[in-house]
Amino acid sequence: MDEHRVIERVLAALQTAAERVTKGEEMRPAFFINAALFIKNFADGCHHRKEEGVLFVEMNKAGIPTQGGPIGVMLAEHEQGRGFTREMREAAEKWEAGDLSAKNAVTHNALGYVALLRQHIHKEDHVLFPMANQAIPSERHAEIDREFERIEVEETGAGIHEKYLALAEILEKESSRKI
C-alpha cells in the first residue's frame, strides 16, 4: 500500500500536466514520456509484478479464484493500464517529434490512466488487500514480504525503487511549474 501512495502522487502530477495541456498551457512532451517510464518501471514493473507474481498466486492457493473474481478484474485493469501507458508514450514521442496533433492522444490516455488507476487502487486498498489478509494464512505473510523484497532487489534491480521515487518527485514539481 505504501507503493500506492507514491503512484497516487504521480497520478496527481499526470492529471495536473494533462489538464494544463488541455487548457493550452505549456508542458514538455518529455514530461509524459517520463511519466510513462515511471509507470512502466515502477507501477507496472515493480508493483504489479509483486501483485501478479506473488500476491495473486498466494490468494489462489488460499482459494480465491483468478477468473470471475477480484483477481481477474485487477489483472484486466493492469492490462488496460498498460494500454493507456503505451498509447500515451507513443503520442508523446510523436508530439516531441513535432506532431502537435498528438497532444490530444497524450491527454486522453493520461487522463484515462489516472481515472483507471485511482479506482483500481481504491479497490485494492479497500477490497482486495483486506481479502488477501484474511484468506492467506498469517504464517505466509512474512514469506510474501520476503518475496516482495527479492523481486525489488533481484528482478527490478538494486536502487531502481529509489530511482523511481526520485522521478515521482521530479514529476510532481514539473507538473506545477510554469515553463
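The values are calculated or read from the model by the stated rules, or taken from the named source; none is laboratory data. Everything quoted here is computed from the prediction, not taken from an experiment. Cβ coordinates were reconstructed from backbone atoms using ideal geometry, including for glycine residues, and neighbour counts include every protein chain displayed. Keep in mind that these areas ignore ligands, DNA and RNA; they rest on the heavy atoms of the full protein, side chains included. Shrake-Rupley method; radii C 1.70, N 1.55, O 1.52, S 1.80 Å.
Of note:
- The conditions of being over 19 Å from Gln15 (Cα atoms) and of a type in the set (Phe, Trp, Tyr) are met by Phe56.
- Residue in the stretch 34-42 that is polar (S, T, N, Q), touching a residue at least 24 places away in the same chain (Cβ under 8 Å) and open to solvent by 20 Å² or more (accessible area, probe 1.4 Å) present: yes
- Residues that are assigned to a helix (DSSP H, G or I) and among the small types (Gly, Ala, Ser) were ranked within the stretch 10-28; the one that is surrounded by the most Cβ atoms within 10 Å (Cβ to Cβ) is Ala18.
- All of (1) modelled with pLDDT of 85 or more; (2) within 27 Å of Glu149 (Cβ to Cβ); (3) buried (at least 22 other Cβ atoms within 10 Å of the Cβ) hold for Phe31 with one exception: (2).
- Single match in Ala110, Ala105 (criterion: touching a Phe, Trp or Tyr at 6+ places or on another chain (Cβ under 9 Å) and crowded, with 18+ Cβ neighbours inside 10 Å): Ala110
- Among residues of the stretch 132-148 that are in contact (Cβ under 8 Å) with a residue 12 or more places away in the chain, those with a Cβ under 8 angstrom from a residue that is open to solvent by 80 Å² or more (accessible area, probe 1.4 Å) and assigned to a helix (DSSP H, G or I), sequence gap 6+ or separate chain, pair up as Ile136/Lys61.
- The lone criterion from (1) open to solvent by 60 Å² or more (accessible area, probe 1.4 Å); (2) in contact (Cβ under 8 Å) with a residue 12 or more places away in the chain; (3) closer than 21 Å to Ile151 by Cβ left unmet by Leu55 is number (1).
- Restricting Glu124, Glu154, Glu139 to residues that are part of a helix (DSSP H, G or I), modelled with pLDDT under 90 and closer than 30 Å to Glu87 by Cβ narrows the list to Glu124.
- Residue in the stretch 69-91 that is in a helix (DSSP H, G or I), within 20 Å of the chain's Cα centre (by Cα), at pLDDT below 90 and among the hydroxyl-bearing types (Ser, Thr, Tyr) present: no
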